[in-house]
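Enquirer: Below is one structure. I have some questions about it.
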Amino acid sequence: MRRIGIALNDSPEAQVALVVATELAQASDAQLVRLVAGQQAAGDAADALTQASAGLDLLVCGTRGRGRATAAIFGSVSTQLAAHARCPVLVVPPAGWPRSAGAAGVSAQASV
């Protein structure tokens, strides 16, 4: 990977995603590209980020984890990006989700 994009706004979820994107960029010696999504409608932010994803090797974004019903009403940038971005998308769950994985979502435990 040469260019990793991070979708940013002023949400705590975006800050968690920024930590993950920074770790990935450092580990792969990639350039970290900050993309400011703003607080406009979800569709507008998703469209702008989708366009920006064309020059990236990976796009990292956070999610509020509101669930399908709420996302269907209010829109979900992460869902739209996963479906339409022009590069792979890593959706980072919100801080505090119950999991035993590290910051990048990788668990050291083996499953049986």
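Enquirer: Of everything in region 9-46 that's under 10 Å from C61 (Cβ atoms) and not in a helix (DSSP H, G or I), which residue is modelled with the highest pLDDT?
Expert: Taking the candidates together, the pick is L35.
Enquirer: Go through region 1-38 and give me each residue that's exposed (fewer than 13 other Cβ atoms within 10 Å of the Cβ) and of a type in the set (K, R).
Expert: Within region 1-38, R2, R34 meet the criteria.
Enquirer: Separate question: So A54 fits all but one of (1) at pLDDT 90 or above; (2) surrounded by 12 or more Cβ atoms within 10 Å (Cβ to Cβ); what number is the exception?
Expert: Exception for A54: condition (2).
Enquirer: Taking V112 as meeting all but one of (1) exposed (fewer than 12 other Cβ atoms within 10 Å of the Cβ); (2) among the β-branched types (V, I, T); (3) at pLDDT 90 or above, write down the number of the exception.
Expert: (3)
The values are calculated or read from the model by the stated rules, or taken from the named source; none is laboratory data. These figures come from a predicted structure and were not determined experimentally. Cβ: placed from backbone, ideal geometry, glycine included. Neighbour counts: every protein chain shown.
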